[in-house]
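Just below is one structure, and these are the notes that go with it.
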Amino acid sequence: MLGVSANNIIIFLVRANVLMSITNIWYTTDESHQIAAALRNGNMTNHEEEVIDELKKMTRLLSIIATHGLSQRDQIAALARAGFTPKQTGELLGTTSNTVSVYLSAIRKAAKRAKS
């Protein structure tokens, strides 16, 4: 896999996810309320839309690379460890957030049983 470990990719995924969050926070805390309003109303400039789209594409691509060859359960566990919500994970893997939540519940129960 291009000489990159899955852990390094997951760390990068977390950073990309944080970057997306920071981008949203930066706009909402900016002195210009017009920019924040544009984002809330979906009236972003072409450049802002392109940046967000590229970040989403990069996140999707890296999540595919990081979880390639894993079972769906392991993909979900890896993305959850990277900080993705069930909704985000479902979108990345092409499944529903409910399916992701069921897997995460089973993973947590198995972890509790293993500790006992």
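The values are calculated or read from the model by the stated rules, or taken from the named source; none is laboratory data. Source: prediction; values computed, not measured. Quick reminder, even Gly has a Cβ in these numbers, built from the backbone with ideal geometry, and neighbours come from all protein chains shown.
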**Fill in**
By residue number, the members of the range 55-69 that are under 12 Å from Thr89 (Cα atoms) and over 12 Å from the mean Cα position of the chain (by Cα) are Thr67
**Message:** Kindly evaluate Tyr27 against the criterion of being aromatic (Phe, Trp, Tyr), surrounded by 11 or more Cβ atoms within 10 Å (Cβ to Cβ) and at pLDDT below 65.
**Reply:** yes
**Prompt:** Residues Thr95, Thr89, Thr85: which one is among the polar types (S, T, N, Q) and either exposed (fewer than 15 other Cβ atoms within 10 Å of the Cβ) or touching a Gly at 6+ places or on another chain (Cβ under 8 Å) (or both)?
**Reply:** Thr85
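One line per residue, one yes/no per condition, for (1) over 18 Å from Arg60 (Cβ atoms); (2) part of a loop (DSSP other than H, G, I, E, B); (3) modelled with pLDDT of 90 or more:
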| residue | (1), (2), (3) |
| --- | --- |
| Ile76 | no, no, yes |
| Gly83 | no, yes, no |
| Thr95 | no, yes, yes |
| Val100 | no, no, yes |
| Lys109 | yes, no, yes |
**Item:** Residue within the range 43-54 that is at pLDDT below 90, of a type in the set (Asp, Glu), surrounded by 13 or more Cβ atoms within 10 Å (Cβ to Cβ) and under 15 Å from the mean Cα position of the chain (by Cα) present
**Value:** no
